[in-house]
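J.: Sharing a structure below in structure tokens format, with a few things to ask.
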Amino acid sequence: MMTTAKAPEQIGSWFVGRLPEGWFTGPADVTVDREEALVIGALGEPELEADAGEDAVAAARAARARRFREETRESRIRIAEEAEHLYGRKVSWGVTCGGDRFVFTSMAVPVMTRLRLGERSVLDTLIDAGVARSRSEALAWCVRLVERNQSDWIGQLRDALVKVEELRSEGPSA
């Protein structure tokens, strides 16, 4: 039986209980939206010599992420299928290692929007400048730019939305 109206916290808690011990150095970070649950776990830093350069550290972290991806593939598929059945969302996976983040799978969901002339002009400028190949790609580039440069503000908005949802649930019923 598929249930899609589960709270993101419940889905995250399910993953904390379901993931095998020892996969990550702490609890996984689970981000949930309407279509997808993204599970990101922290891996331990590779042990390198003290004088290892930045390139060597980056290569070791990437190799550790690749090894985790390969060694856990079958288990991750089984867990994802179980979660998809329970919660009606696709499951994507990734890891962090040191300061680096590696996302193995993630959905690209089409989003429809209506833009006015000035807004379309911005996207067309990005295309003409070679930043993007299409309006869709240009819009995605803009969203990533806002996400990266306004992450504190976006985080505050998300925290406020959580508080609004808590207040709604405590309020009188209709």
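J.: Looking at region 20-58, which GluC sites (Glu not before Pro) are in a loop (DSSP not H, G, I, E or B) and have at most 16 other Cβ atoms within 10 Å?
T.: 21, 35, 47, 49
J.: Counting only C-alpha contacts under 8 Å and six or more residues apart, can you give the relative contact order of the chain as a whole percent?
T.: About 19 percent, as a whole number.
J.: Given R₀ = 22 Å, FRET efficiency for residue 162-residue 18 by Cβ-Cβ distance, to 0.05?
T.: It comes to 0.45.
J.: Could you pull out which residues in region 95-118 have an amide N less than 19 Å from a spot 7 Å beyond the Cα of residue 127, following the Cα-Cβ vector?
T.: Backbone N within reach: 110-118.
J.: Still on this structure: So if we plug the beta-carbon distance of residue 33 and residue 55 into 1/(1 + (r/R0)^6) with R0 = 25 Å, what FRET efficiency do we get, rounded to 0.05?
T.: 0.10
J.: List the trypsin sites (Lys or Arg not before Pro) in region 101-174 that DSSP assigns to loop (not H, G, I, E or B) and whose Cβ has at most 13 other Cβ atoms within 10 Å. Which are they?
T.: Answer by residue number: 114, 116, 133.
J.: Follow-up. Give, as a single signed number, the net charge of other residues whose beta carbon lies under 14 Å from the beta carbon of residue 118, with Lys and Arg counted +1 and Asp and Glu -1.
T.: With Lys, Arg at +1 and Asp, Glu at -1, the neighbours total +2.
J.: Please list the non-local residues whose amide H lies under 5 Å from the amide H of residue 93, H modeled 1.01 Å from N, same-chain partners needing a gap of 5 or more.
T.: Long-range HN contacts for residue 93: 39, 104, 105.
Each value in this text was obtained by applying a stated rule to the coordinates, not by laboratory testing. Owing to the predicted nature of the structure, the values given are computational and were not obtained by experimental measurement. We place every Cβ from the backbone using ideal geometry, glycine too, and count neighbours over all the protein chains shown.
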